[in-house]
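The values are calculated or read from the model by the stated rules, or taken from the named source; none is laboratory data. Computed from a predicted model, the values in this text were never measured in an experiment. Every residue, glycine as well, gets a Cβ built from its backbone with ideal geometry; the counts of neighbours run over all protein chains shown. These accessible areas exclude ligands, DNA and RNA; they are computed on the full protein's heavy atoms, side chains included. Shrake-Rupley method; radii C 1.70, N 1.55, O 1.52, S 1.80 Å.
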Amino acid sequence: MAHRLAPLPYDYAALEPFIDAQTMQLHHDKHHAAYVNNLNNALADYPDWQAHGVEDLVKNLEQVPEAIRAVVRNNAGGHLNHTMFWQSMAPSQTGEPTGAIAQAIANTFGSFDAFKQQFNEVGTKLFGSGWVWLVLTRDRTLRITTTPNQDSPLTQGETPLLGNDVWEHAYYLKYQNRRLEYLSAWWNVVNWDEVNRRFQVAHPNALA
Ligand code: MN3
């Protein structure tokens, strides 16, 4: 059972002017596709591992055969992270969180503006390629964290609720070296309905 690249849930140009169509096309059709292909190639000689979903793979990396563990870590992680990333964005958003996650963010970080500022700062300071995340920890608190490369917070037992890709391929065509400008613009396309859905699954008892 091979892993598949799902189509983008919107047009390449749907997130303009915040993320440009050419970046979206290359990012999805080339970068994400490569993670999927590399993962399938790595698993080709390991039929017992082909039925595992990507979440399962990144949660149980230590059990993956050592010969393919690094490739699976990078490419199952890349496939999972990008699938979440596309779903975490949408056109015509308000730029403001709603529902239970809005309340939880305000309770944890003081305000949405304070949260955004902290998230942008952490994303700006991340050295090299990686992701900045809002996660739900094991003890069900919200936390901003980063992972290097294509690592998933799931490997550390934390549940990713929202993540931004700060690899240069995610923004360089439009923003060049101005990562903070990209991080700041990105809030305009965050799909808070999807973040709330994930929050609900991860923490069904959170107060609305
Ligand atoms: Mn990427």
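Structure values in brief
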| item | result |
| --- | --- |
| Which numbered condition Gly77 misses (of (1) in a helix (DSSP H, G or I); (2) in contact (Cβ under 8 Å) with a residue 12 or more places away in the chain; (3) open to solvent by 30 Å² or more (accessible area, probe 1.4 Å)) | (3) |
| Residue in segment 17-29 that is away from the ligand (no atom under 16 Å from the Cβ), more than 19 Å from the chain's Cα centre (by Cα) and either outside any helix (DSSP H, G or I) or among the β-branched types (Val, Ile, Thr) (or both) present | yes |
| Yes/no for Val195 being buried (at least 19 other Cβ atoms within 10 Å of the Cβ), modelled with pLDDT of 95 or more, touching a helix residue (DSSP H, G or I) at 6+ places or on another chain (Cβ under 9 Å) and under 17 Å from Thr98 (Cβ atoms) | yes |
| Search result, residues across segment 119-157 that are of a type in the set (S, T, N, Q) and open to solvent by 30 Å² or more (accessible area, probe 1.4 Å) | Thr124, Ser129, Thr141, Thr146, Asn149, Thr155, Gln156 |
| Segment 167-208: number of residues that are in a loop (DSSP other than H, G, I, E, B) and free of Cβ contacts under 8 Å to residues at least 24 places away in the same chain | 5 |
